[in-house]
Structures are given as structure tokens and as C-alpha cells.
Amino acid sequence: MRLLVVGAGAVGSSVGGFMAKAGHEVTLAGLDAHVETIREKGLRITGIWGDHHVADLRARTDLSGLKAGDFDLILVSVKSYDTAAAAESFRHLLDAHTLVCSYQNGLGNAERIAAVAGWERTVGARVIYGVRRPAPGHIEITVIANPTALGVYCPEAPADRVRAIAEAMDAAGLPTVFTDRIATLLWGKVAYNSALNPLSALLGVPYGRLPETPHALSIMRDIVYELYAVAGAKGITLEPDSPEAYMDVLVNRLIPPTAAHFASMHEDFLFHRRTEIDALNGAISAYGREQGIPTPANDMLTRLVHAREALSAP
């Protein structure tokens with residue numbers, strides 16, 4: 001497989017590194033210091049999937065000199081607020097054979113990619129493993145909750161090719177499966193992140209503390225109920241099929257294994273980085289406005305996070 005990773009930070013480098021180690025032709029496009037170190041010394045991978053050094057990687061800071069047909073798959077792992085710009089940057093690389101995979105958090109990324117590539121070439125990914133970048137050229141795999149799931153959004157998309165890509169990633173050491181319900185899985189992940197991330201970050205507590213107070217728990221419940229209402233209006237099938245059932249799963253099954261975990265948004269505040277709130281609660285609000293569904297809890301959390309971003313700026 002000829003693979004281009006656009007936004008080769010921690011997560012993107014993990015995919016590129018394992019795929020290159022398995023013999024695929026990989027090009028990473030990312031930040032200067034990280035890709036320059038990879039170009040000079042190779043990529044170091046540590047953590048729960050073992051220690052590896054990967055030398056067979058092409059690493060670059062831009063896409064100049066590349067042409068349409070150079071890649072079978074473009075994997076996008078930029079922050080959600082950079083997706084539209086990233087899609088425009090690789091528009092010239094697309095041909096009838098090229099697939100584009102949103103390997104990202106949140107909602108709205110697939111729509112931005114499909115605006116450039118078309119839905120028939122857009123692949124979704126539900127990613128639930130953690131990666132950090134301790135230093136340029138070094139990534140650490142920290143945790144995994146479930147295998148990554150790849151899937152397509154429309155009947156015209158080549159599902160068999162995407163299934164083969166999922167199998168190739170799994171064989172390369174990246175636990176991956178194919179799914180025929182990618183929207184369901186992505187919205188389920190957004191329900192988890194939207195209920196926990198902003199509250200954990202704004203209140204400065206790990207996930208496990210949130211259900212301890214009825215105040216936080218009631219906000220979480222409002223977020224989930226609004227998400228289910230919006231998803232229903234959009235025709236998205238969710239699992240479990242009711243917000244009451246989801247809250248039971250969230251509190252009793254999903255939170256306990258990650259009770260000590262702080263949201264990545266907490267670090268965004270500490271290091272004065274822009275958050276991805278607009279792809280989480282902000283996306284629920286935006287879809288709610290489109291569908292005529294009130295989303296006051298998600299609206300308020302989105303505004304609070306943006307306020308904190310502004311007040312945390314250096």
C-alpha cells in the first residue's frame with residue numbers, strides 16, 4: 001500500500017510507523033522538528049505495543065512535488081479545526097483510485113473531507129487508543145480501549161477495499177477491524193467525549209470524579225439526551241438505543257476503567273492550545289440548529305470552553 005499521512009503527529013506517526021515496518025510505502029507530512037528527526041534518525045515507537053525503530057519512512061513538511069495517483073490512501077490525522085485546510089492541501093493528489101480516511105476525533109471531519117474527495121472515496125475511523133509524543137521523532141502508545149474501526153458512508157464506496165485496508169493495518173500491529181456502521185461508532189465515541197472531556201477540563205478533575213456530584217451528573221445527562229435527540233433527527237442509529245441506557249453504560253462500564261484519566265482538553269488549557277470542542281459539543285449544537293433541536297447544555301459547555309481558551313491564552 002502507498003500511504004500518505006497528513007498531520008503526522010503522535011497518532012498519525014503510529015499508523016505510519018507500523019505500516020512502514022510491515023513493508024508498506026509510507027510518507028509522513030507533519031511538523032518540522034518531528035519529521036526532520038524522523039528523516040534523520042527514523043521513528044522510535046515505545047509503549048504497550050512494544051519498542052520499535054522504523055527507518056523506512058519518507059518524512060516531509062509539505063506536499064509539494066507530489067502528484068495525483070502517488071497514493072492509494074491518504075490518512076488525515078490533523079486536529080478537527082484544520083481538516084478543511086488539510087483537504088484542500090491534498091486535493092491535487094486525488095485520482096479515481098485514491099481513498100481518504102479521517103483518522104480523527106469528533107464530528108464534521110468526514111463532511112469536510114467529502115467536500116473535496118466525494119463520499120465515495122471518504123473513509124471513517126473510530127480510533128480509541130492513546131499516543132503521546134515525548135520528544136520529536138519518538139511516540140509512545142499508552143492505552144487502548146477497543147480496536148480501531150474503519151468503515152464507509154455510502155453504497156458507492158469500495159467497502160471491500162476498506163476491509164482489506166483494515167486487515168492490512170491489523171496485520172501490521174495496529175488492532176483494526178472493518179465495520180458497516182461507522183456513523184454509529186463515531187457518534188458513540190462523541191457521546192463519551194462530549195459528556196466527559198469539557199467537564200473534566202473545566203472542573204480540573206479526572207473522569208471518575210464527575211459522577212460523584214449530582215450537579216456534574218445532571219449536566220452529563222443533559223448532554224447525552226441532547227445528542228440522542230439530534231442523532232435521531234439526523235437518522236443516526238445509536239447503541240444502546242436510548243439515552244437512559246447509554247447513561248447506565250457510561251457511569252457503570254465506561255468511566256470506571258478510566259476513572260483516573262484527565263481529558264486531553266485539560267492539557268490544552270495548560271499549554272494554551274486550541275481545543276476540539278467544536279467537533280464535540282459544538283458539533284452537537286450545530287447539528288441541533290440544523291434540525292431545529294434545542295441543545296442548551298451543549299451550547300453552554302461550548303461557550304464555556306471557548307471562554308476558557310481565551311482566558312488561558314498567553
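The values are calculated or read from the model by the stated rules, or taken from the named source; none is laboratory data. Note that the coordinates shown come from a computational prediction; the quantities given were computed from them, not determined experimentally. Here the Cβ positions follow ideal geometry from the backbone for every residue, glycine too, while neighbour counts run over all protein chains shown. When the accessible area is computed, the model is the full protein with side chains, heavy atoms only, and any ligands, DNA or RNA have been set aside. Shrake-Rupley method; radii C 1.70, N 1.55, O 1.52, S 1.80 Å.
Points to keep in mind about this one:
- Ratio of Rg to Rh for segment 99-243: 1.00 [Cα atoms; Kirkwood radius as inverse mean 1/r over pairs].
- Heavy-atom accessible area per residue - segment 137-220, 1.4 Å, Å²: 40
- Expressed as a whole percent, the accessible area of segment 1-83 that falls on carbon and sulfur atoms is 46 (1.4 Å probe).
- Separation in nanometres of the label points that stand 7 Å from Cα toward Cβ, at M300 and D180: 4.2
- Here the Karplus relation 6.51 cos²θ - 1.76 cosθ + 1.60, evaluated at θ = phi - 60°, turns the backbone of segment 183-199 into coupling constants of 4, 4, 5, 5, 5, x, 5, 5, 4, 4, 5, 5, 6, 10, 4, x, 5 Hz, with x for every Gly and Pro.
- Bridgeable lysines around K234 (alpha carbons under 29 Å apart, same-chain partners fewer than 8 residues away excluded): K79, K189.
- For peptides 236-242, 39-45, sequence by mean Cβ density within 10 Å, most packed first: 39-45, 236-242
- Cα convex hull of segment 191-314 - mean projected area over all directions, nm²: 7.1
- Of all accessible heavy-atom area on segment 188-227, the percent that carbon and sulfur account for (1.4 Å): 58
- Proximal lysines to K21, defined as alpha-carbon separation beneath 19 angstrom and excluding residues fewer than eight positions away on the same chain: K41
- Local electrostatic count at A157 - Lys and Arg +1, Asp and Glu -1, tallied over other residues with Cβ under 12 Å: -1
- Taking all Cα pairs closer than 8 Å and separated by 6 or more residues, the relative contact order of the chain comes to 14 percent.
- Once Cα Rg over 2.2 N^0.38 Å is calculated for the structure shown, the corresponding label among [x] 1.88; [y] 0.98; [z] 1.04 turns out to be [y].
- Distance from segment 1-67 to segment 85-112 (C-alpha centre basis), Å: 18
- Computed Rg/Rh of segment 223-279, alpha carbon atoms with Kirkwood Rh: 1.07
- The order of F271, F262 by accessible area, most exposed first and with a 1.4 Å probe, is F271, F262.
- Note that segment 1-81 presents 42 Å² accessible area per residue, ligands and nucleic acids not counted, probe 1.4 Å.
- Zero-based 5 Å bins, Cα pair distances in segment 71-177, whole percents: 2, 12, 22, 23, 21, 14, 5, 1, 0
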